[in-house]
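Data first, discussion second: the structure below is written as structure tokens.
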Amino acid sequence: MSDSTVGIGLLLPEVLGTYGDSGNAQVLCKRLQWRGYDAEVVPVSLDSALPSALDLYLIGGGEDMAQVLAADFLRGSPGLRRAADEGAPVFGVCAGLQILGTSFRGVDGVDHPGLGLLDVVTAPAEQRAVAELVVQPDLIDAPLTGFENHQGASVVGPGSSPLGRVVRGTGNGDGTEGAVSGHVLGTYLHGPALARNPDLADLLLSWVLGHSLKPLELAEVDTLRSERLAARRPR
Ligand code: GLN
């Protein structure tokens, strides 16, 4: 990979690939290429070292035991913390959000330490949240949509801000959704989230490139998004 290529780290897709969140890496790669940038997805698996020189890191959702395995691996990988400390964006979905937090309680009742990149504590809720989720985010104007499938309820502490407010669905469980600290962002939105929400993809890319981006004119993407939003109006 040359120095000018944007490296998109896809962390542990073999462990946290259950909900199709690996597609987020493809979306970011394609949106960069459409704008004339060289970009490459770099999968990082359990048997490899985690490079700190990538431009952005993605962590997807998965099952409870997979999540504990992934959290142990990532806590033992200084590369991710080093990159995040230097401002590299990190995007986590569901299990990824919970791992980025300070701790998450498994269904076994055990509290597992997270990476502490977000001020978020997660514990199982009484009911599993399985639904379409619509969120009004604070950082961008457009509503976000996706599907959620999780037992965990998350509390965002003062060191982070929620990504937004739940319009429909459960999210964190208290009317808020996701969490953000600097360039670290976590959400319960699957979809993949960045395919369903191009503005969120471009927010992450603006953090990578250090400047805002002109929207891409992609009629099909806009039509699909309007159809999804119309189908998901709050009831
Ligand atoms: N195991 C976690 C939970 O149920 C995460 C699930 C997921 O990633 N969709 O809360």
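The values are calculated or read from the model by the stated rules, or taken from the named source; none is laboratory data. Just so it is clear, the structure is predicted and the values come from calculations on it, not from any experiment. As a convention, Cβ positions derive from the backbone with ideal geometry for all residues, glycine included, and neighbour counts pool all protein chains shown. SASA here: full protein model, heavy atoms, side chains in, ligands and nucleic acids out. Shrake-Rupley method; radii C 1.70, N 1.55, O 1.52, S 1.80 Å.
The antiparallel fraction among DSSP beta bridges confined to the chain stands at about 60%. The modelled label-to-label distance between Y37 and A49, using points 7 Å beyond Cα along the C-beta direction, is 2.6 nm. Take Y37: with every protein chain present and a 1.4 Å probe, its accessible area is about 70 Å².
According to the square roots a ≥ b ≥ c of the eigenvalues of the Cα gyration tensor, what is the shape class of the chain, taking rounded for a/c under 1.5, prolate for a/b larger than b/c otherwise, and oblate for the remainder? Verdict is oblate for the chain.
Based on protein heavy atoms only, region 92-178 ends up with 40 Å² per residue of surface accessible to a 1.4 Å probe.
For the listed peptides 134-145, 191-202, a ranking on the average number of other beta carbons within 10 Å per residue, highest first, reads 191-202, 134-145.
Only Lys, Arg, Asp and Glu carry charge here, each on its Cβ (+1 for the first two, -1 for the last two); on that basis the chain has a dipole of about 480 debye about its Cα centre. Distance between the C-alpha centres of region 105-182 and region 1-62: 22 Å, rounded to the whole angstrom. What a 1.4 Å probe finds exposed on region 10-129 is 51% carbon and sulfur by accessible area, rounded to a whole percent. The helix-based estimate of mean residue ellipticity at 222 nm for the chain, built from -39,500 (n - 2.57) per DSSP H run of four or more residues and divided by its residue count, is -8000 deg cm²/dmol to the nearest 500. Dipole magnitude for region 1-125: computed about the Cα centre from +1 point charges on Lys and Arg Cβ and -1 point charges on Asp and Glu Cβ, it is near 280 debye. As a calculated quantity, the FRET efficiency between V221 and A131 at R0 = 22 Å, using C-beta atoms, amounts to about 0.40. Choose one of A193, W207, L163: the residue whose Cα lies farthest towards the positive end of the charge dipole of region 153-223 (beta-carbon charges +1 Lys, Arg; -1 Asp, Glu; about the Cα centre). About the Cα centre, the residue reaching furthest to the positive side is L163. Rounded, prolate or oblate, given the Cα gyration tensor of region 1-81, with a/c below 1.5 counting as rounded? In terms of gyration-tensor shape, oblate.
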